[in-house]
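This report concerns only the one structure given below.
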Amino acid sequence: MSKLKGLAKGLLVAATLSSSAVYAQETVVWWDFLAGGDGVRMKQMISDFNAAHEGKITIDATTLEWGVPFYSKVQTAAAVGEAPDVMTYHASRIPLAVKQGILQQITPSDWETMGLSEDDYAASTWDAVTVDGAQYAVPLDTHPIVLYYNKDILGEAGLLTEDGVPKGMNSREGFTNTLKALKDAGVQYPLGSVTADGNFMFRTIYSLMGQQDGELMTDGEFLAGDNAGKLENALAVLQEWTNEGLQSTYTDYPATVALFTSGEAAMMINGVWEVPTMVDAHKEGKLFEWGAVELPVIFDHAATYADSHAFAIPANKGEEMSAEKRQAVLEVMGWISKNSLFWATAGHIPAYGPVTASDEYKAMEPNATYSSLTDNMIFDPKTPLAGVAGPIFDVMSTYFVPALNGELEPEKAVEEIKYELNDMQ
């Protein structure tokens, strides 16, 4: 073969390889349930990922309706091999998904490929995506509830500490006295709570159970032993605040936010996902000085309910993911986890430890102030009946609303809840 022919052949091979590389780009089909501020931020992160991986990997994203519609669609799609390559998932829903067989395991090799490990996560967050010793998702964040407060109102009433947080945060008596002092100062609603929605209030009530080391499920039984009494204690505190006019009654979610942002409620218990609402309104000059801190310790020690947005890989029936596709999916989950500082602007606490340990995150307020609650987080019990929009929420919601609003005694509410929960099994 002449040198000229050899050169021509070499150029042809190079051109062929170059052409193959162009067509080797992987498209990762993505589903999420992220709306509002969450959706805006995730779309930006996806755009950033695509730009950083141009010519190699591109995310093709679709946003579906949050809650039951999302999870029903995933289950149906996985059963016929039409689920996405990767999707957002709530950690609380993982036990049910594993039972349904619709999630792939995230293997030790997968974690190594992503450059992530158990040491990068809080123990409770890692456990939340673990079933029978295996991991089924990659945590992106934790999104607990916190106490929002109006610094102007509390400051004028002399109810802020030297650190600028509400007084009385360390005991039931102390926090109740703060609420009473606000009422005496003429505040219409010392505390705004979503008392018309038992699904939401599960978060608060479960937190107060956790402050007593209470468990919703023990060895497969709901409210076993003295746990029923601990649930009753939690309900009794909240009912007391309602009966004494210290907490808003029959208030739905939008109304609760409106009470706080209008200044009618001095404090509010809500999710960290409302942080962008407050930040944006304050920047526009439409909101008072405000803050957000971990929930008050009403019982024995700090404890706060949390869930986690996570990434999961569907188990598509009859469809085996290629090695190249899985590599691309792992790159998506790993890259977004490691670049989740921007996600924190949605109020969430990034699950990836090096992000929350960074100077940039520590300068982010109020996130850095309440991120300490990571040490005190409690997640849903490990049962297919638990999780966002799950049966446990529905049962408890039925009795929480009348109990919270003073129309059903806590003891009776707990009795009915215990019976119905155990009857579901």
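Go through region 135-178 and report how many residues are assigned to a loop (DSSP other than H, G, I, E, B), without any contact (Cβ under 8 Å) to a residue 40 or more places away in the chain and closer than 30 Å to residue 343 by Cβ.
1
Would you please name the residue that is farthest from residue 282 (Cα to Cα), looking only at residues in region 366-407 that are free of Cβ contacts under 8 Å to residues at least 24 places away in the same chain and not aliphatic (A, V, I, L, M)? Reasoning before the result, please.
Of all residues in region 366-407, those free of Cβ contacts under 8 Å to residues at least 24 places away in the same chain come to 368, 371, 402, 407.
This time we only want the ones that are not aliphatic (A, V, I, L, M), so: 371, 402, 407.
Values: 371: 21, 402: 35, 407: 37 Å.
Going through the qualifying residues, I end up with 407.
Step by step: first the residues of region 247-296, then only those that are in contact (Cβ under 8 Å) with a residue 12 or more places away in the chain, part of a loop (DSSP other than H, G, I, E, B) and among the hydroxyl-bearing types (Ser, Thr, Tyr), then the one that is surrounded by the most Cβ atoms within 10 Å (Cβ to Cβ). Which residue is that?
Of everything passing the filter in region 247-296, 248 is surrounded by the most Cβ atoms within 10 Å (Cβ to Cβ).
State all residues of region 41-73 that are within 22 Å of residue 24 (Cα to Cα), part of a helix (DSSP H, G or I) and either at pLDDT below 95 or among the hydroxyl-bearing types (Ser, Thr, Tyr) (or both); if no residue qualifies, say none.
Taking region 41-73 and keeping what is within 22 Å of residue 24 (Cα to Cα), we get 46-61.
Okay, now just the ones that are also part of a helix (DSSP H, G or I), so 46-52.
Residue satisfying the conditions is 47 alone.
Mind telling me which of the residues 113, 88, 76 ends up being among the polar types (S, T, N, Q), outside any strand (DSSP E or B) and in contact (Cβ under 8 Å) with a residue 24 or more places away in the chain? Talk me through it step by step, then tell me what you get.
On the way: 88 fails: outside any strand (DSSP E or B); 76 fails: in contact (Cβ under 8 Å) with a residue 24 or more places away in the chain.
Result of the check over 113, 88, 76: 113.
Have a look at 67, 81, 115, 101 and point out the one that is closer than 20 Å to residue 393 by Cα and either of a type in the set (D, E, K, R) or surrounded by fewer than 22 Cβ atoms within 10 Å (Cβ to Cβ) (or both). Step through it out loud before you land on a result.
Numbers: 81 fails: closer than 20 Å to residue 393 by Cα; 115 fails: closer than 20 Å to residue 393 by Cα; 101 fails: closer than 20 Å to residue 393 by Cα.
When all the criteria are applied, what remains is 67.
Report the residue count in region 338-391 for those that are of a type in the set (A, V, I, L, M), more than 21 Å from residue 148 (Cα to Cα), in a loop (DSSP other than H, G, I, E, B) and over 14 Å from the mean Cα position of the chain (by Cα).
Looking only at that region, the number is 4.
Looking at 223, 246 in this structure, which one is assigned by TED's automatic domain parsing to the domain that holds residue 199, within 18 Å of residue 412 (Cα to Cα) and not small (Gly, Ala, Ser)?
Just a single option satisfies the conditions, and that option is 223.
The values are calculated or read from the model by the stated rules, or taken from the named source; none is laboratory data. All values derive from a computational prediction rather than experimental measurement. For neighbour counting, all protein chains shown are included, and Cβ atoms are generated from backbone atoms with ideal geometry for every residue, glycine included.
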